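Taking it in order: structure first as C-alpha cells, then the write-up.
Just so it is clear, none of the values below were taken in a lab; they were calculated from the coordinates. Keep in mind the model is a prediction, meaning the values are calculated, not measured. Methodologically, a virtual Cβ is constructed for each residue, glycine included, from the backbone with ideal geometry; neighbour enumeration extends over all protein chains shown.
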Amino acid sequence: MAIEKYSNKGLGEAKWSFPPVHPEGRKFAVISAAITAVFAFFAWETLAWPMAGVTIWVLAFFRDPKRVTPLDDKYIVAPADGLVNLIMPVVPPLELQGEGGLGDEELIRVSIFMSVFDVHINRTPIEGTVKRQAYISGKFLNADLDKASDENERQHFMVERNDGLKVGFTQIAGLVARRIMSFVKEGDFVAVGQRIGLIRFGSRVDVYLPKGTTPNVVLGQRTIAGETIIAEIGQVKEIEGIGQ
C-alpha cells in the first residue's frame, strides 16, 4: 500500500483526482451497466436512462477516495463519513466488555450516520492491534435510531495501542444495508485511518471514546473518515456549534 505524506511545513502540492472504485463495487457496476446495455439495445429508453443513473450511483457509492490522516497519538479520528446524529453516555456492548475489554462503566458513544450518498469505506480511529472482533446478525431497523446499536446486524471492533489505550467501534447495518464486510481480523495491526471494512448500502458507525475523553464534534456535524478529529484523548470540554 503506497503512503504519501503531507505536511504544513515548507512547500508542496496536492492534486485532485477522480476517486477509485472499491473492488467490491465493480461487480455491481458491471451488472448494472450490462442491464443498461440490454435496455439500450432494444431501444427501451424509459428503462435505459434510469438504469444508467443507477450505474453511476453504484460507482459513486463504492468510491474510495484518498484521505490525509493527522499523525498525532492524542487524536481519535472519525471511522466514517456521515452525520453525527447521536452523542450519549452508554455502557459498551457485551462483546467489548470482559477482561481486557472496555469495561462495564459508561463511556461516551459518538454515532455517525451514513446515508446512501456517503462514502461507505470505514477506517480505524486509532492505530494498534485488533484485539476484539465480533459479528452479530440482527434486524435492519433505521440506523438513525438509538436501538439500532443493540438490535441491528452489526460488527464490533476493539483496537488497542501499544500504550494500552483502547477504542471500540461498531459497524451497524441499516434499512438498506444488507451486508457488513471486514478487511481485517483479530491480531492484525492497523494504522490510524486504515481501511477496515464497508457496509452496503446505508448504515451507521458507533465509536466508544476512552474514559475521561469527550467529543470534539457536535450533533449535526459532518465527518470525513480518517480525517475529522472526533476527540482528543484525555481532553474533557464542552463545545457548541451553530447551524448556518
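Descriptive notes on the structure:
- Trypsin sites (Lys or Arg not before Pro) restricted to DSSP loop in the range 178-233 with at most 14 other C-beta within 10 Å: Arg178, Lys185, Lys211
- Calculated from backbone phi, Karplus (6.51, -1.76, 1.60) coupling profile of the range 84-89 in Hz, x at Gly/Pro: 6, 10, 8, 9, 7, x
- Between Arg132 and Met158, the built amide H atoms are under 5 Å apart, and every one of these is 5 or more places off in sequence or on another chain.
- 20 Å cut-off, amide nitrogen to a point 7 angstrom out along Val116 Cα→Cβ, residues in the range 186-219: 198-205
- Contour excess over end-to-end distance, with Cα ends at Glu106 and Val218 and 0.36 nm allotted per residue: 38.4 nm
- Taking amide H atoms as placed 1.01 Å from N in the peptide plane, the amide H of Leu86 lies under 5 Å from those of Ser111, each 5 or more residues away in sequence or on another chain.
- Rounded to whole Hz, the Karplus (6.51, -1.76, 1.60) HN-Hα couplings of the range 39-56, x for glycine and proline: 4, 5, 4, 8, 6, 8, 5, 5, 9, 5, 5, x, 5, 5, x, 5, 4, 5
- Working note: Karplus 6.51/-1.76/1.60 with θ = phi - 60° gives the range 184-189 the couplings 10, 9, 4, x, 6, 8 Hz, where Gly and Pro are set to x.
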